[in-house]
Every structure is written in C-alpha cells, then in structure tokens.
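*Asks:* There's a structure below that I have some questions on.
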Amino acid sequence: MSCWKTLSALKTPCAVLGKRSLSTTTSQNVQHSCRLLVIGGGAGGCSIAAKYASKLGKNRVIIIEPADRHYYQAMFTLIGGGIKKLDQSYKPMKSVLPKDAVWLKDKVAEIDPKKSQVTTEKGDVVNYDYMVVATGIELDFNKIPGLMEGLNDPRSGVCSNYSPKYVTKTFGVIQRIDSGNAIFTYPNTPVKCAGAPQKIAYITAHYMQKYGRPNVQVYYNTALPVIFKAPKYAKSLWKVAEKRNVKVNLDVDLIEVRPDKKQAVFKTLTEPHKTFVQEFQMLHVCPPHYPTPMIAKNKELADEAGFLSVSKDTLQHVKYPNIFGIGDCTSLPTSKTGAAVAGQLGVLRRNLTAAMAGKTLDSKYDGYTSCPLVTGTNSCIMAEFDYDANPLETFPIDQGVERHTMFYMKKDVMPQLYFNLMLNGLWEGPGIFRKMMHLGMSK
C-alpha cells in the first residue's frame, strides 16, 4: 500500500534531495498507510528501512524522525579525545534515509497497537501493517543538580561526550588541565555505549602521561559494582587502569555538581545514606539515561522499566506480533551499542520477512554486542561478547589484549562500515567473518 491522504485529493508532495529522491511531508492532520512503519532514524531505523524500502516498493515504507542530522555517536569518544572532528561524525538525515521511503519529519505522540496506528505530534495518523520501533534511549542532563550550569560554563571544567552540543568542550578541558583531579562518571541507569565513560578516562590519562603532567590524578567513578560487564575484558581493564594510573571507585553515583566550587558530590550505593565530595579540575559526566517517554508511558508496549518489551530471541513484541524492536529502546538484556544493532539486523530482517509471509520466526539473536574499549590515544581492546558476557570474538587472536590494530579499526574502518554499509542495509555484523576466521567452528 502506498501512502494516502484522506483530507485532500492532492498527493503527498515528493522532494528531490541531492542524489536521493525521498518523499517527504511536513503537512498536518494527514492520514497515511504503509506496509512497514519505522519509528526512529538512528542506526537501527535507517538500517532496517534501507533493507525494506526497495524490497517493498516506493513509498511503502514510512520513517518518522524529527532530526536534521544523523550522528555516528560511536565517534564521540574520539572527538572528545581530540582524535576526530565533530564534522566527521554526521551527515544530513536526508542523505542517509533510503530513497524509496517516505520521511515524516516529525515525532510520534502516541502508538495504538490495537489499531496498528500511530499519531504524530503534528497530528498526522499513520496506519501500518508492520512496525519497527527504533527510538533509542534518552539522556537527562537536568537530573543532576548543577550539571547543566557546569556544562554551559566554559571555565568550569565540566564536560560530556554524550552530546554533540558538548563533546567538543572535552578536549579543550584535557588540554588545559595540568594539576588536580580529573573525574569521569558512570550513572546508576542503563546507558548507551557503556564503555564510553571509561574510554575517555584512559585517553585523558594517556595524554597526561605523554605530555608530562604527573600532578593530574584521573578517577573513574562508576555506579556499577564491576569495571566492565564481561569478566575477560574486566580483567584486562584493571591492568589498563593500573598502567594509566586511573583510580577506580565502584558503586558510587554522581548526585550533584557544584561548578562554582569545582566540587562533585557522590552517593555510595552500598551505603545509600553516605555521600562524599571530590574536588575537580575536570569532570566528565555520563548523564543518567531513561527510556523514550512515548514508549514508557504505553503499558501495552513497555516492560516495567519502560523499554519496548520484545522477545530476547526473535525481537518480536511479546504481545503484538506485527511489532518488532531494535537497539537501545528495547528490553533486550545486552549492552546498548551500535554493534549490537548490527548484530540484531540480520535476525530482525529474517524474522520480519517471515512474519510478513505468515511463516514461523526461526532466527534467534544471541545477544552479540561489541565495545571497542579505547585504552589510550593509540590502543584499544576489542571486546565482543554475548548475552552471558562470554567472549564472541571475530578475530583468531586474543582480543583481551591492547592492540594498535584494533585502535585503527575503531578510528578508521568502523566509520566507513557504518556510513557506507550499515546505513544502506548492507552490514549485519561480523558473524560471517567470525565463522570464516575460525574455520567454521562454533565461536
């Protein structure tokens, strides 16, 4: 079914966007119908839309996404570390969406899964046969008192790689600090790219060592009870922390920033009533994250934590068989990374196609995720693991070791894979290469 409009005899206008012809609409109170609706234009949304836009035919896929830019967020750590530039991390949204799809530049206000219908904030109504939810996860900088004040003060030393608005501030702070504490935090919530808060800590510590600034003490303060989820890589990271002279505090959560006094207030999670204050010259904050409100408030769709409730195996919604989810917005019990999205794409493609054909969903997601743990300005541990935090490594070498090759894989190869293959629906993770490199043996 192509998109249709009931309130006017006129067709939804098409716009020619560069070399990609993409149907768009910004009009209000319009009704549309489509074979596949994709909510979200991030990594998961773009990739799955690309797989189906040409397959289903022109205008039979609708994408709802309000943003003008598509960011490769995995690059933000390198931008904050002075290794990459912000303008290398994004492309215009219109250039990454599939040409045969319809782009509604809007936000979703409400989903009615019983009617297979979505209403946007501008009042458009979209009827769908199947829907993929790929709305990601939200950041709440305002939840920590004093944080926004510090981020917006260029002299405060407070920074964060978790937003394109603030990421370029980080390297300026790194360059200026020559004494005192540099503190890096991880919040007491699920987060996207769980390795990012400590990666920038290692980059900063390595920078201080390279440029002879022994009076800077780096701290990594995490709300988690472990340094990293997967034991193999956790063991390696403790060695990295020792080598870089990074002091790690577990089970502590940032609850207040006092930028005027350059103080950070932490709560000890093992003793909830106990707090302590640390002075800082640099404070890098990973803000609390929360589920997309539009999903969280819909009890038909969300689990108790507010994430889209899907099968951990098939990615199909547990109650509505014509709804699937991918990425950070879902209840999947794996780390929220772009690599996880890539690993989910093939499973989603096979199962969504089976569902559309009325067949059994046979493909199962093993929880694959990856975190290129940058450990300095030129080294990286390439962590890959499954639902049970067991290593699921692609290369026939020990990936728990710091390597320069893995750093350049992270820095130079992965952005190309992302923009040129994944967003065009052509990259479903390294599973096939893993089998080849391990001679077809189970890995």
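The values are calculated or read from the model by the stated rules, or taken from the named source; none is laboratory data. Since the structure is predicted, the reported quantities are computational estimates derived from the model, not experimental observations. All Cβ positions, glycine included, derive from the backbone under ideal geometry; neighbour counts span all protein chains shown. Ligands, DNA and RNA are stripped out before the accessible areas are found, and what is left, the full protein with its side chains, is counted by its heavy atoms. Shrake-Rupley method; radii C 1.70, N 1.55, O 1.52, S 1.80 Å.
*Asks:* With a 1.4 Å probe and every protein chain left in place, tell me how much accessible area M414 has, in Å² to the nearest 10.
*Replies:* My reading of the accessible area for M414 is about 40 Å².
*Asks:* Too long at a 28 Å Cα-Cα cut-off: which of K247/K336; K55/K105; K105/K299; K55/K192; K122/K312; K210/K411?
*Replies:* On the way: K247/K336 25 Å; K55/K105 23 Å; K105/K299 26 Å; K55/K192 31 Å; K122/K312 33 Å; K210/K411 20 Å.
Over 28 Å Cα-Cα: K55/K192; K122/K312.
*Asks:* Let me ask you something else. Would segment 121-226 count as rounded, prolate or oblate if I go by the C-alpha gyration tensor, calling it rounded below 1.5 in a/c and otherwise prolate when a/b exceeds b/c, oblate otherwise?
*Replies:* Because a/c hits 1.5 or more and a/b exceeds b/c, segment 121-226 counts as prolate.
*Asks:* Where does each of W238, W103 land when they are ordered by accessible area, with a 1.4 Å probe and the largest first?
*Replies:* My answer, sorted largest first, is W238, W103.
*Asks:* Given R₀ = 25 Å, FRET efficiency for F433-A234 by Cβ-Cβ distance, to 0.05?
*Replies:* Efficiency, from the Cβ-Cβ distance: 0.45.
*Asks:* For segment 67-189, count all C-alpha to C-alpha pairs, find those more than 22 Å apart, and express that count as a whole percent of the total.
*Replies:* Of all Cα-Cα distances in segment 67-189, 53 percent exceed 22 Å.
*Asks:* Right, here's the next one. Quick check on the chain: helices-only [θ] at 222 nm, where DSSP H runs of length 4 and up contribute -39,500 (n - 2.57) each and the sum goes over total residues. Nearest 500, please. All intermediate terms of the calculation are to be shown ahead of the outcome.
*Replies:* Numbers: 11 runs with 101 residues, N = 443.
Theoretical 222 nm ellipticity from helices: -6500 deg cm²/dmol.
*Asks:* A follow-up question, please. Using the Kirkwood radius built from alpha carbon pairs, what does the Stokes-Einstein equation give as D for the chain at 10 °C and 1.306 mPa s, in µm² per second?
*Replies:* 70
*Asks:* How much FRET efficiency would the formula 1/(1 + (r/R0)^6) give for N249 and D412, where r is the Cβ-Cβ distance and R0 is 35 Å, rounded to 0.05? Mind dumping the intermediate values first?
*Replies:* Working: r = 34 Å, r/R0 = 0.96.
Plugging the Cβ-Cβ distance into 1/(1 + (r/R0)^6) gives 0.55.
*Asks:* Next question, about the same structure. Mind telling me which of K411, K336, K165 comes out most flexible in a GNM of the chain, alpha-carbon contacts under 10 Å?
*Replies:* Result: K165 has the largest fluctuation of those listed.
*Asks:* Right, another one. Which loop GluC sites (Glu not before Pro) in segment 295-389, with loop taken from DSSP, have no more than 12 other Cβ atoms within 10 angstrom of their Cβ?
*Replies:* E304
*Asks:* List the relative contact order of the chain as a percent without decimals, with contacts defined as Cα pairs under 8 Å and 6+ residues apart.
*Replies:* 15 percent.
*Asks:* Treating only the Cβ of Lys, Arg, Asp and Glu as charged (+1, +1, -1, -1), what charge dipole size does segment 69-164 show about its Cα centre? Round to the nearest 20 debye.
*Replies:* Using Cβ point charges on Lys, Arg, Asp and Glu, segment 69-164 gives about 380 debye.
*Asks:* Accessible area per residue, 1.4 Å probe, Å², for segment 210-338: what's the number?
*Replies:* 45
*Asks:* What does the highest-first list of 211-224, 285-298 look like by mean Cβ count within 10 Å?
*Replies:* 285-298, 211-224
*Asks:* Separate question: Work out the charge dipole of the chain with +1 on the Cβ of Lys and Arg and -1 on the Cβ of Asp and Glu about the Cα centre, then indicate which of M382, V246, V108 is farthest towards its positive end.
*Replies:* M382
*Asks:* Considering the zone a paramagnetic label at T168 would reach in this model (a point 7 Å from Cα along the Cα-to-Cβ line), which residues of segment 174-195 have amide N under 18 Å from it?
*Replies:* Hits in segment 174-195 for T168 at 18 Å: 174-176.
*Asks:* State to the nearest 20 debye the size of the charge dipole of the chain about its Cα centre, where the only charges are +1 on K and R beta carbons and -1 on D and E beta carbons.
*Replies:* That gives the chain a dipole magnitude of about 1060 debye.
*Asks:* Report Rg/Rh for segment 269-361, rounded to two decimals, where Rg is the Cα radius of gyration and Rh the Kirkwood radius. Walk me through the numbers on the way to the answer.
*Replies:* Values: Rg = 18.1 Å, Rh = 15.6 Å.
Value, to two decimals: 1.16.
*Asks:* Hey, another quick one. Suppose the chain between L426 and E256 were pulled fully straight at 0.36 nm per residue; how much longer would it get relative to their current alpha carbon spacing?
*Replies:* Result: 56.8 nm gained on full extension.
*Asks:* Based on the mean of other beta carbon atoms within 10 Å per residue, what is the order of 316-324, 177-185, most packed first?
*Replies:* 177-185, 316-324
*Asks:* For the chain, which whole-number percentage of the solvent-accessible area (1.4 Å probe, protein heavy atoms only) is attributable to carbon and sulfur atoms?
*Replies:* Numbers: 9730 of 18710 Å².
Whole-percent figure for carbon plus sulfur exposure: 52.
*Asks:* In the Gaussian network model of the chain, springs joining C-alpha atoms below 10 Å, which of T405, T377, T135 carries the largest mean-square fluctuation?
*Replies:* Among T405, T377, T135, the largest GNM mean-square fluctuation belongs to T405.
*Asks:* Here is a follow-up. Past 29 Å, Cα to Cα: identify those pairs from K51/K359; K232/K261; K232/K274, in the order given.
*Replies:* K232/K261; K232/K274
*Asks:* Based on the mean of other Cβ atoms within 10 Å per residue, sort peptides 199-206, 273-280 so the most packed one is first.
*Replies:* By packing density, highest mean first, the sequence is 199-206, 273-280.
*Asks:* Hey, another quick one. Kirkwood hydrodynamic radius of segment 84-156 from all distinct Cα pairs, in Å? Please list the in-between numbers first.
*Replies:* Numbers: mean 1/r = 0.0613 Å⁻¹.
That comes to 16.3 Å for segment 84-156.
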